[in-house]
Structures are given as structure tokens and as C-alpha cells.
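What follows is a short report on a single structure.
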Amino acid sequence: MNYSVEKQKGAVKVDFTLTADEWKEALSQAYFATRGKYNIPGFRKGHAPRGVIESMYGKGVFFDDAFESGFRRAYGEVLDKETWIFPVDDPKVDLGDMDDEKFTFSATITVKPEFELGTYKGLEIPKAEVEVAASEVDAEVEHARMHASRIVEVTDRAIQKGDIVTLDYSGSVDGVKFEGGTAENQELEIGSNSFIPGFEDGMIGLKIGQTSDLHVKFPEDYHSKELAGKDAVFTVTVHAIKVKEMPELNDEFARDVSESETLADYKKSIEEKIRADKQRRADMDSENEMLKIISGNCEIDVPQCMIDKEVDYMLADFEMQLKQYYGGMSLKDYFKYTGLKELDFRRQRRESAISNVKIRLVLEKIIEAEKIEVADKELEEEVEKFVAHAKEHGREYDEHTLSHQRAYIKSDLLMAKVVDFLKANNKFVAKKDGGKSEESDKKPAQKKTSSTKKTTAKKPATAKSDKKDE
């Protein structure tokens, strides 16, 4: 087999030439590989001579299988020899001439785009300054108080705002009861706005055992068209009044809900936690901003196929989140309920997909330029952690599967290393005091960005044949 390679914009064209003997051998192999699927009268299945099968099904009956296997071998051979070719999509195949002397065909391969790195070191990366307001700490303290509160019954007073009331109610419009308007022993927090406007306010002042009529009006936009805008009367009977008893804000409360000895220490620990959470988010935002700035310094013509594959990945990731957080909801159900179409989803995420691909391509090129590597010891330590974690969850991996995981783990480690390299070689500046800047600490990221997804490795692809008439 002979071949020649021609570089094109964003692609590589490979012209193949098989000799007549090589093509005959491919046809013969296709015959032996597929003859078992043909039923020929007078012959046991799989034992009919090649000529007989061709006479019944046509001379080209083995052509597709011969070409498919022949192309795979030839394509794989070229990729093994021409290691600089990195496909990002299946090749487009065109058939050429076939005669007694030779058989020619070509493959146009979309490859990773070529580009020059822009500035990626010595940059100033903006970073938001982290601040914690006293109101944020107070809100967390109140949340803890609510969680630590207890419900106690009240018998010596009328209903007040904030009470939890047990009641019966029966609603009617023009003297006729309506569906869903009657309940017994219903609990209602006064002031929660759980019922229609006027209902909860009308309960204020009622006492245990008292029955009263509440005159209310359904909102014009009420979900039930039959009731929307209608005047209604609810007859209510109060059975019980309860109230949330909140613990006092003191050192004892702090000891009950935390490991702090004093309320002051408890508030300080909350402030530190909020600050740490905000700092993590700020670090991630700054890291992502750094990657966007660096990739923005490069002119890259991203192939459409890479954009499409990235959106595919985003779709799959979104569906996984739907299943995890929304009771197994599928993408199909999501589009049905929201009225959104998949095409709209893809369009909305196109720019993000382009950004992700550009960042990944730039990081790969920086890894190459800076000769960033993963030591064998580092890799094996991470593989051991992966295996141990899998065993904890009842999963076992054979050596073949683990070899693929090893490649992914190595890719993740490389991406983490290059991000740490960039963070160490660029300045993160926080804006403060009317725009003055100060360099912030540069710490390795604890979480990888979505831009570090692996690039598909090279492998022989299924040929897309535009076969000419035989």
C-alpha cells in the first residue's frame, strides 16, 4: 500500500493506492469473513464458492466489507507512521479509480487546528476581593436558632403572627362549597402566605375553640379559573395554637450548636467558614478568568466537529444532573416540560463550547511548550487511589479497563499541573481602595475547571464511503 499526505486548511488529505494484488487479497478475506451469512441452494451455509455467491448477489457483494477492513488497516497504518496527524473526527472517504493495476481512494481528515501561542505568562488576572458582611453571619446564626427551636403549645392567648395553628376550614362561593376548599386538622403558619390573601390575617385574634367566617377574595390570576377573582367565605374553627420557641443568643446556645465556647467565637467561626467558601469560589472564578484570557490571546479556528462534540458532552452532563437532582428526569422530559428544543439548547451553549475547546487546545499546547510531564510515581499513586475508591463502592476493574482509566487519570494530572504552572506564572490582583490593586495569594486549585476535559485519542475510524457506481 502506498500513500501520500497533503496538508489543507484545518485538515489533512491522504491519498491511498492499493495494488491489484492487495485489493484481490482484501476481497478474498472479505469472502472468508462473511460467506457464512449467505444462503445458497445446494450448498451448506458458509460453504458456497465465492464465484457462486458473486453470481447470485453481484460482483460487488464483498466490496463494502473488503473496503471497510482494508481502509481501517491502511488508515491505522498511516496514523501510526504520521504521528503528527491528530484526527478530531471520522474521516471523509472518496473512492477513486479501480482497474486491473490498482485501486485508489482518499481520506480527508479534520485535525486539531494549528495556532501560535499568545502571551500566557506574566499576566495580571483580576480577582474579586472577599468580604463578609455582618448580616451574612447573622443570617447563619438565625438559621441555627430556627433549627434549634422547639414547638410549644399556647393556651392563654389569641392567635398572633408567626403562630402555627391547627384548624378546620370549609370554603364556599355564593353558598356552594368548592372542590379542595375543605380540610380538617390543617396546620398553618400565620404569616407564611401559604393561603390566599386575607385568610391568614383574618385568623389573627381568634382563640382556641372559636369558629369564625373569613371573607376573602381569590386573586384574579388564581390557578383555578373557576375561582379566580371570586369572593369566598371560609368557616374556620381553631383547635390549637403553637409557637416556635427560639433559644436565646448566648454562650450556652453557641455550645449547644457548635464546638465554640462563646457566642463571639461561634460567630467568628461562621465568618471564617463563609469567607473560606467565598474564597474558594473567587479562586475558581479567577482561575477560569485566567484560562479565558490566555486562550483569548490565541487565534484559533475551532472545527465545527469539535464544537458539536463539546455540546454533546454538555448535553450529557446536563442530563446527568437532571437525573441526580430531579428524580431521574430525562432530557426528553425536560424539553417537554420547559418547551425548549434541543436545537435551542445547543445554540445557547455554542459560545461556551467554543471557549471550552479553545482553552483545552491552548492548555495542551502549553504542556508541550513547557515540557510538563507526569512522573510514573505520581501516576501510579493516583491510580492506586482510584482503585481503592472503586473498591469502596463495590467496583472492580480488570487490567484492560484500568489501562484506559490510567490514560484518563494521566490526562487529568497533566491538566492540573499546567493550571498550577499558569497560576504560579501569572499575578492575581484584587481591586480595592478605589481601584488600587494588590497581589493575591496564588494557591493550587482544588477543583478542575470544565475546560480540562480529555481530547479524544487517535484511533482508526469507520470509513464514510461515497462509493461510485460499479
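The values are calculated or read from the model by the stated rules, or taken from the named source; none is laboratory data. Quick caveat: nothing in here was measured; it's all calculated off a predicted structure. A quick note on method: Cβ atoms are made from the backbone with ideal geometry, for glycine too, and the neighbour counts reach across all protein chains shown. Side chains are part of the model used for accessible areas, which takes the heavy atoms of the whole protein and leaves out ligands, DNA and RNA. Shrake-Rupley method; radii C 1.70, N 1.55, O 1.52, S 1.80 Å.
What to note about this one:
- Karplus 3J(HN,Hα) series, Hz, for the stretch 277-286 with 6.51 cos²θ - 1.76 cosθ + 1.60 (x for Gly, Pro): 4, 5, 5, 4, 5, 5, 4, 5, 4, 5
- Label-to-label distance for Lys161 and Thr19 is 9.6 nm, based on points extended 7 Å past Cα in the beta-carbon direction.
- Within the stretch 298-407, GluC sites (Glu not before Pro) in DSSP loop having at most 14 other beta-carbon neighbours inside 10 Å: Glu299, Glu373, Glu396
- Nearest 10 degrees, 0 to 90: helix 20-34 Cα axis against the chain principal axis: 50
- When both the stretch 55-125 and the stretch 10-50 are represented by their alpha-carbon centers, they are found 20 Å apart.
- Prolate/oblate/rounded label for the stretch 103-193 (Cα gyration tensor, a/c 1.5): oblate
- Filtered GluC sites (Glu not before Pro), the stretch 188-233: DSSP coil and at most 14 other beta carbons within 10 Å: Glu220, Glu226
- Two numbers describe the Cα atoms of the stretch 77-127: Rg and Dmax, which are 19.8, 69 Å.
- For the stretch 178-188, 3J(HN,Hα) per residue [Karplus equation, 6.51 cos²θ - 1.76 cosθ + 1.60, θ = phi - 60°, Hz, x = Gly/Pro]: 10, 4, x, x, 10, 7, 10, 6, 7, 9, 9
- Surface per residue (accessible, 1.4 Å probe) for the stretch 63-130, Å²: 50
- Two-site FRET efficiency, Ser192 against His400, from Cβ-Cβ distance with R₀ of 51 Å, rounded to 0.05: 0.30
- C-alpha long axis of helix 63-81 to longest principal axis of the chain, angle in °: 80
- Extent along the principal axes, Cα only, for the stretch 159-216: 31, 23, 17 Å, with the longest axis given first.
- Share of carbon and sulfur in the accessible heavy-atom surface of the chain [1.4 Å probe, %]: 47
- Global form of the stretch 20-150, assessed from the alpha-carbon gyration tensor, a/c cut-off 1.5: oblate
- Alpha-carbon centroid distance for the pair the stretch 313-376 / the stretch 280-300, whole angstrom: 17
- Cα shape, the stretch 372-416, gyration tensor, a/c 1.5 rule: prolate
- 5 angstrom amide H check on Lys217, placed H, neighbours 5+ away: Ala232
- GluC sites (Glu not before Pro) within the stretch 55-113, DSSP loop, no more than 16 other Cβ atoms inside 10 Å: Glu82, Glu101
- Distance histogram for the chain (every C-alpha pair counted, 20 angstrom bins, percent rounded to whole numbers): 15, 31, 29, 18, 8, 0
- Ranked from largest, the principal axis spans of the Cα set of the stretch 93-244 equal 104, 50, 27 Å.
- Computed label-point distance, nm, for sites Glu184 and Tyr334 using a 7 Å Cα→Cβ extension: 4.5
- Within the chain, longest stretch free of exposed chymotrypsin sites (Phe, Trp or Tyr not before Pro) [DSSP loop, at most 13 other beta carbons within 10 Å]: 85-325
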